[in-house]
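Trainee: Here it is, the structure, as structure tokens.
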Amino acid sequence: MHELPVTESILKIVLAHAEKNDVRRVMTIGLQVGRLSDLEDEWMQRYFDYVSRGTLAEGAKLQIERMPIRLECNACAETYTVDAANQIDIPCPNCGKKDAKLISGREYFIKNMEVI
Amino acid sequence: MDDVRMIEVKEEIMADNNQVAAGVRERLRLQKTMLVNLMSSPGSGKTSLILKTAQALKGSIKLGVIEADIESKVDAEKVAAQGIPAVQLRTGGFCHLDATMVTQGLEALDKKDFDLLIIENVGNLVCPAEFDTGAHKNVMILSVPEGDDKPLKYPLMFSICDVLLVNKIDYLSLSDFDMAAMRKIVLALNPEIKIIEISCKTGAGISDWVDWLKKEVTAFRRA
Ligand SMILES: Nc1nc2c(ncn2[C@@H]2O[C@H](COP(=O)(O)OP(=O)(O)OP(=O)(O)O)[C@@H](O)[C@H]2O)c(=O)[nH]1
Ligand SMILES: [Mg+2]
Ligand SMILES: [Zn+2]
């Protein structure tokens, strides 16, 4: 799938920040990825290891925080989270209606990085 | 031992592509060319829809087509055979088009006076949803034989589109596709989406789609 362009993009941003901050090595990279994305942690790491070879970020560990899928009930305004994309049609835990809209779960964000 | 420091990065991973996409959108806006990104699984009817649409628009709206295909040129040849300017982008094994590839497609079309350009994206419900192409409108096709559970499996795609075309409704009587249930899930993901049921085979619903398209192109040119 598209792990390759995504990890290339992560590397580019990380290296730009590393340069600005006189970094010798990037140890970890903190990411936030919405649960609606199908990117797999393990494959992201493998692709990252591949694209980062020979750079300051070689060997860095991706710490991927999966952001929840949040829904808001159109009937009673209750907000609730579901674990996976295929559960978005569960009834509202408050009123039992199946009529909700998506409010988050699509994030693709680099939060921070640990460096030396 | 060196001290480990924490650096706040706070950047969108897709920022680069999003920026190129915004540039494409703006450039085409100034040229008064509306760009539509058409996405679906393989074989849902993207090329068939483009051919039907081209027929219906003949004489009223100047249409061009950007075809993306991993390997072949089959679709671009079919479209060009109808007298519609078409370019083929070879995505070199990529699973989606990004805004940079679209820029190359725009350059390859030598005329610039189109009212409407349609991109036939790579057949895939996953990756194209993640990459902004620079289109002004995103349109997807779900065909009846694929099943009514696709919005649950590929929610991102359904959540980013302006229009969902449910194609191959001529198969409805042969299948257990639950249109009402599918609509409900899609509308939960995306309350703004317009859902149109069509058949590229019988022509059912095509005029509703073409009417939507004409209205959007007119509004776009006036803006
Ligand atoms: N019965 C029926 N068949 C259709 C309909 N629309 C398209 N088809 C057929 O479905 C097949 C695939 O259609 P295409 O238009 O090539 O689909 P596509 O999405 O462009 O396919 P790829 O480019 O390969 O991903 C063709 O054999 C079409 O004739 C429809 O509404 N009903
Ligand atoms: Mg095709
Ligand atoms: Zn409720």
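Trainee: Somewhere in the stretch B:47-56, is a residue more than 16 Å from ligand 3 (Cβ to nearest atom) and either within 14 Å of another protein chain (Cβ to nearest Cβ) or open to solvent by 70 Å² or more (accessible area, probe 1.4 Å) (or both)?
Mentor: Scanning the stretch B:47-56 turns up at least one residue that is more than 16 Å from ligand 3 (Cβ to nearest atom) and either within 14 Å of another protein chain (Cβ to nearest Cβ) or open to solvent by 70 Å² or more (accessible area, probe 1.4 Å) (or both).
Trainee: Another question, if that's okay. Can you find a residue that is touching a helix residue (DSSP H, G or I) at 6+ places or on another chain (Cβ under 8 Å), touching a residue at least 12 places away in the same chain (Cβ under 8 Å), away from chain A (no Cβ under 14 Å) and more than 16 Å from ligand 3 (Cβ to nearest atom) anywhere in the stretch B:4-22?
Mentor: no
Trainee: Another question, then. Filter the stretch A:103-116 down to the residues that are within 7 Å of another protein chain (Cβ to nearest Cβ), surrounded by fewer than 21 Cβ atoms within 10 Å (Cβ to Cβ) and among the hydrophobic types (A, V, I, L, M, F, W, C) and list them by number.
Mentor: Of everything in the stretch A:103-116, those that are within 7 Å of another protein chain (Cβ to nearest Cβ), surrounded by fewer than 21 Cβ atoms within 10 Å (Cβ to Cβ) and among the hydrophobic types (A, V, I, L, M, F, W, C) turn out to be A:F109, A:I116.
Trainee: When you scan the stretch B:6-22, how many residues do you find that are farther than 16 Å from B:D98 by Cβ and either in contact with a Leu (Cβ under 7 Å, 6 or more places away or on another chain) or open to solvent by 40 Å² or more (accessible area, probe 1.4 Å) (or both)?
Mentor: 4
Trainee: Looking at the stretch A:57-94, which of the residues that are in contact with a Lys or Arg (Cβ under 6 Å, 6 or more places away or on another chain) and hydrophobic (A, V, I, L, M, F, W, C) is most open to solvent (accessible area, probe 1.4 Å)?
Mentor: Ranking the qualifying residues of the stretch A:57-94, first place goes to A:A75.
Trainee: Considering every residue within the stretch B:170-183, establish whether at least one is under 15 Å from the mean Cα position of the chain (by Cα), of a type outside the set (A, V, I, L, M, F, W, C) and within 23 Å of B:W212 (Cα to Cα).
Mentor: no
Trainee: Looking only at residues in the stretch B:176-191 that are exposed (fewer than 14 other Cβ atoms within 10 Å of the Cβ) and farther than 22 Å from A:T81 by Cβ, which one is farthest from the other protein chains (Cβ to nearest Cβ)?
Mentor: Ranking the candidates gives B:D176 first.
Trainee: Separate question: Please indicate, with yes or no, whether at least one residue in the stretch B:8-25 is in contact with a Ser or Thr (Cβ under 8 Å, 6 or more places away or on another chain), at pLDDT 90 or above and within 16 Å of ligand 2 (Cβ to nearest atom).
Mentor: Checked the stretch B:8-25: no residue is in contact with a Ser or Thr (Cβ under 8 Å, 6 or more places away or on another chain), at pLDDT 90 or above and within 16 Å of ligand 2 (Cβ to nearest atom).
Trainee: Further, regarding this structure: Can you tell me which residue in the stretch B:153-173 is surrounded by the fewest Cβ atoms within 10 Å (Cβ to Cβ), limited to those that are aromatic (F, W, Y) and within 15 Å of A:R106 (Cα to Cα)?
Mentor: Among residues in the stretch B:153-173 that are aromatic (F, W, Y) and within 15 Å of A:R106 (Cα to Cα), the one surrounded by the fewest Cβ atoms within 10 Å (Cβ to Cβ) is B:Y154.
Trainee: Return the only residue of B:L89, B:L117 being in contact (Cβ under 8 Å) with a residue 12 or more places away in the chain and either within 23 Å of B:F220 (Cβ to Cβ) or touching a Phe, Trp or Tyr at 6+ places or on another chain (Cβ under 9 Å) (or both).
Mentor: It is B:L117.
Results for (1) surrounded by fewer than 21 Cβ atoms within 10 Å (Cβ to Cβ); (2) at pLDDT below 90; (3) closer than 23 Å to B:V210 by Cα, shown as yes or no for each residue.
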position: B:S72; (1), (2), (3): yes, yes, no
position: B:I84; (1), (2), (3): no, no, yes
position: B:C95; (1), (2), (3): yes, yes, no
position: B:F114; (1), (2), (3): no, no, yes
position: B:G123; (1), (2), (3): yes, no, yes
position: B:V126; (1), (2), (3): yes, yes, no
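Trainee: On the basis of being of a type in the set (A, V, I, L, M, F, W, C), in contact with a helix residue (DSSP H, G or I) (Cβ under 7 Å, 6 or more places away or on another chain) and assigned to a loop (DSSP other than H, G, I, E, B), does B:V122 make the cut?
Mentor: yes
Trainee: Do you know which of the residues in the stretch B:23-46 that are exposed (fewer than 15 other Cβ atoms within 10 Å of the Cβ) and within 30 Å of B:E146 (Cα to Cα) is nearest to the other protein chains (Cβ to nearest Cβ)?
Mentor: B:P42
Trainee: Can you spot a residue in the stretch A:49-57 that is out of contact with any helix residue (DSSP H, G or I) (no Cβ under 8 Å at 6 or more places or on another chain), within 13 Å of chain B (Cβ to nearest Cβ) and either within 30 Å of B:M182 (Cβ to Cβ) or of a type in the set (D, E) (or both)?
Mentor: no
Trainee: Do you know which of the residues in the stretch B:192-203 that are within 17 Å of the chain's Cα centre (by Cα) and modelled with pLDDT of 95 or more is farthest from the other protein chains (Cβ to nearest Cβ)?
Mentor: Top of the filtered list is B:C200.
Trainee: Continuing with the same structure: Would you confirm whether or not the stretch A:3-24 contains a residue that is part of a strand (DSSP E or B), aliphatic (A, V, I, L, M), under 24 Å from B:M14 (Cα atoms) and open to solvent by less than 50 Å² (accessible area, probe 1.4 Å)?
Mentor: No, the conditions are met nowhere in the stretch A:3-24.
Trainee: Would it be correct to say that B:E130 is in contact with a helix residue (DSSP H, G or I) (Cβ under 8 Å, 6 or more places away or on another chain) and at pLDDT below 95?
Mentor: Against the criterion (in contact with a helix residue (DSSP H, G or I) (Cβ under 8 Å, 6 or more places away or on another chain) and at pLDDT below 95), B:E130 qualifies.
The values are calculated or read from the model by the stated rules, or taken from the named source; none is laboratory data. Quick caveat: nothing in here was measured; it's all calculated off a predicted structure. Using ideal geometry, Cβ is built from the backbone for each residue, glycine included, and neighbour counts are taken over all protein chains shown. The accessibility values were calculated without ligands, DNA or RNA, using every heavy atom of the protein model including side chains. Shrake-Rupley method; radii C 1.70, N 1.55, O 1.52, S 1.80 Å.
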